[in-house]
1. Restricting attention to the stretch 51-66, and to residues there that are outside any loop (DSSP other than H, G, I, E, B) and touching a Gly at 6+ places or on another chain (Cβ under 7 Å), which single residue is surrounded by the fewest Cβ atoms within 10 Å (Cβ to Cβ)?
2. Starting from the stretch 154-175, keep only residues that are under 16 Å from residue 135 (Cβ atoms), then list their pairs with residues that are of a type in the set (D, E, K, R) whose Cβ atoms are within a distance under 8 Å, requiring at least 6 positions of separation or different chains.
3. Is the stretch 85-92 home to any residue that is in contact (Cβ under 8 Å) with a residue 60 or more places away in the chain, open to solvent by 20 Å² or more (accessible area, probe 1.4 Å) and not β-branched (Val, Ile, Thr)?
4. Checking the condition acidic (Asp, Glu) and more than 15 Å from the chain's Cα centre (by Cα), which residue from 133, 161 passes?
5. For the stretch 66-84, which residues satisfy the criterion of being touching a residue at least 12 places away in the same chain (Cβ under 8 Å) and more than 15 Å from the chain's Cα centre (by Cα)?
6. Under 9 Å between Cβ atoms, which residue pairs at least 6 apart in sequence (or on different chains) link something in the stretch 37-57 that is touching a residue at least 60 places away in the same chain (Cβ under 8 Å) and within 15 Å of residue 181 (Cα to Cα) with a partner that is polar (S, T, N, Q) and outside any loop (DSSP other than H, G, I, E, B)?
7. Tell me whether the stretch 20-38 contains one or more residues that are aromatic (Phe, Trp, Tyr), closer than 23 Å to residue 196 by Cβ and open to solvent by less than 50 Å² (accessible area, probe 1.4 Å).
Amino acid sequence: MDTPPAAARAGIGTKGRWRGLRLAAACFVVLVGCGMAFLGGFAAFATHVARLSTPAEQTDADAIIVLTGGEKRLDAALDLLQSGKGQRLLISGAHPDARLVDIQRATGGDAGLFSCCVDIDYAALDTIGNAEESAKWVTSHAYGSVIVVTNNYHMPRSLLELKRMVGDTLLLPYPVVNTKLDGGEWMTNKAALRVLFTEYAKYLAAVARVALPRLGSEPVEVLEASAGG
């Protein structure tokens, strides 16, 4: 086989280098685009969460579910139950050692109310578990509407996971706000920024879990927790 002239070999080498540079440039553009989309999505998520507020007047529902793990969640749920906003309360994700009477005493709740109208789920270890156990409870009681109590930053993912499990049951968000962020304070609050960023990553994973089995069907609805008045 004849050896290509030096000029031809140089031309082939130049084309190869240009092809490699174009590929590298395309990869760079894709990476930059993905990074911008991720950061833009985070900004939208954080802004949405920061604007969520506890409703001044909560609509009545058949029942109430509180997802444990955050400050003031349980107190808020018990207040809703005490005021008749729901007929029954599920405390989802309680510590295995926390007896009903222990929670009643710790919160100062009414013993009679706890005895008649409060259930505890010990099985749930995370938000997915909360959704699974809550769905069993909702189905067993045939509830058509449920108030969901959790922190504002946790609400979008909680609703997403719950809707995946409870079907047509109406979910009414009751976000608990511990730190006021609706003025954009999350941008300079390192602790809030860290919590929001972590929750955003978990939210994206939840969206993926919901979307992947449904590719080709109806679009997935996201960020459905409405801002309260």
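The values are calculated or read from the model by the stated rules, or taken from the named source; none is laboratory data. The model shown is predicted, which means the values in this text are computed figures rather than measured ones. Because the Cβ atoms are built from the backbone with ideal geometry, glycine has one as well, and the counts that use them run over all protein chains shown. Surface accessibility is based on the protein's heavy atoms, side chains included, excluding ligands, DNA and RNA. Shrake-Rupley method; radii C 1.70, N 1.55, O 1.52, S 1.80 Å.
1. Per the stated criteria, the residue is 63.
2. 157/199; 157/202; 159/224; 160/224; 163/224; 164/209; 165/132; 171/163
3. Taking every residue of the stretch 85-92 in turn, at least one turns out to be in contact (Cβ under 8 Å) with a residue 60 or more places away in the chain, open to solvent by 20 Å² or more (accessible area, probe 1.4 Å) and not β-branched (Val, Ile, Thr).
4. Step by step, each of 133, 161 is checked, and only 133 is acidic (Asp, Glu) and more than 15 Å from the chain's Cα centre (by Cα).
5. Of everything in the stretch 66-84, those that are touching a residue at least 12 places away in the same chain (Cβ under 8 Å) and more than 15 Å from the chain's Cα centre (by Cα) turn out to be 71, 72, 73, 74, 75, 76, 77, 78, 80, 81, 82, 84.
6. Final answer for the pair search is 49/152; 50/152; 51/152; 52/152; 53/152; 54/152.
7. No, because not a single residue in the stretch 20-38 is aromatic (Phe, Trp, Tyr), closer than 23 Å to residue 196 by Cβ and open to solvent by less than 50 Å² (accessible area, probe 1.4 Å).
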